[in-house]
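Here the structure comes first, spelled out in structure tokens, and everything after it is commentary.
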Amino acid sequence: MSSSIVKKDTLAFLKELEANNNREWFTEHKATFKAHESEIKLFYSSVMENLNKHDQIEKMKVFRIYRDVRFSKDKTPYKAHFAGSFVRAGVERRGGYYLRIKPGETFIATGFWNPNKEDLLRIRKELEIDASDFRVIINESSFKETWGTLQGEAVKTAPKGFDKEHEAIKLIRHKQFIFVRNFTDKEVMSKDFLKVVDESFKTIRPYFDLMSSILTTNLNGESLIG
């Protein structure tokens, strides 16, 4: 069972939750929340079904509404959004997909959010040797029209061991290699939203293919996965 739309009532509930982010209100409206959560999970299942037509997804995770406030200055107990991720199957497929649904702030994201130090070094070394393939993909017209420019945190100067004058230093400085696409509420509630999300995720594939190739080989191009 799946769902192809995000309903106006769901966004309206999230707005109410943001305005009444306390346990008393949430407890009183928990049954309503559960109904919206069930519908959203069906929508996320539809996203995964579509992804599996052109990729292989190992796992879908829809995140819990409850916030971990232990180390946060913001002590509101609930997230006023729904969010979920899709993990690609197998060690040879790198990268992941993410979708957050929040009134006025819905977005999808793809790429490499928090690569471990080994992966980060491997990416940087590849860019140091030759960043041309990377640039061709992220500057391709349909890719750029869909995803815009490379996003993510970067160090302020050259990472240790890299030349600050290197011609690809702006790329090498990145700690995250992600792309984000934002949507209006009108776009989210459209009957075409599911299709637009899927077409956007399709467009990222050349980037994933390149990065997967980099992260599964050494600098001599030899496979690391046997």
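Scanning region 55-73 for residues that are over 30 Å from residue 31 (Cβ atoms), under 17 Å from the mean Cα position of the chain (by Cα) and surrounded by fewer than 13 Cβ atoms within 10 Å (Cβ to Cβ) yields 56, 58.
Quickly run through region 191-216 and pick out the residues that are farther than 19 Å from residue 39 by Cβ and outside any helix (DSSP H, G or I). Scanning region 191-216 gives 204, 216.
When region 172-211 is limited to residues that are open to solvent by less than 10 Å² (accessible area, probe 1.4 Å) and in contact with an Asp or Glu (Cβ under 7 Å, 6 or more places away or on another chain), the one that is nearest to residue 7 (Cα to Cα) turns out to be 193. Given the criteria of a type in the set (Phe, Trp, Tyr) and within 17 Å of residue 207 (Cα to Cα), does residue 183 qualify? It is false that residue 183 is of a type in the set (Phe, Trp, Tyr) and within 17 Å of residue 207 (Cα to Cα). In the set (1) in a strand (DSSP E or B); (2) free of Cβ contacts under 8 Å to residues at least 40 places away in the same chain; (3) not basic (Lys, Arg), the condition left unmet by residue 182 is number (2).
Just one residue in the set 83, 35 is buried (at least 18 other Cβ atoms within 10 Å of the Cβ) and either over 30 Å from residue 218 (Cα atoms) or not charged (D, E, K, R) (or both); that residue is 83. Only residues that are assigned to a strand (DSSP E or B) and within 30 Å of residue 12 (Cβ to Cβ) were counted across region 85-119, and they come to 13. Criterion applied to 5, 40 was being open to solvent by 60 Å² or more (accessible area, probe 1.4 Å), under 18 Å from residue 185 (Cβ atoms) and among the β-branched types (Val, Ile, Thr), and the one residue passing it is 5. When region 211-226 is limited to residues that are closer than 19 Å to residue 132 by Cβ and not small (Gly, Ala, Ser), the one that is nearest to the chain's Cα centre (by Cα) turns out to be 211. For first residues located in region 97-119 and at positive phi, partners that are assigned to a loop (DSSP other than H, G, I, E, B) and lie 6+ apart or on another chain with Cβ distances below 9 Å form the pairs 104/184; 111/95; 111/150; 111/152; 111/176; 111/204.
Of all residues in region 145-160, those that are open to solvent by 30 Å² or more (accessible area, probe 1.4 Å) have Cβ atoms under 7 Å from Cβ atoms of residues that are β-branched (Val, Ile, Thr) and part of a strand (DSSP E or B), 6 or more apart or on another chain, in 151/178; 151/180; 152/178.
The values are calculated or read from the model by the stated rules, or taken from the named source; none is laboratory data. No experiment lies behind these values; they were computed from the predicted model shown. Methodologically, a virtual Cβ is constructed for each residue, glycine included, from the backbone with ideal geometry; neighbour enumeration extends over all protein chains shown. For the accessible areas, the whole protein counts, side chains as well, though only heavy atoms, and no ligand, DNA or RNA atoms are used. Shrake-Rupley method; radii C 1.70, N 1.55, O 1.52, S 1.80 Å.
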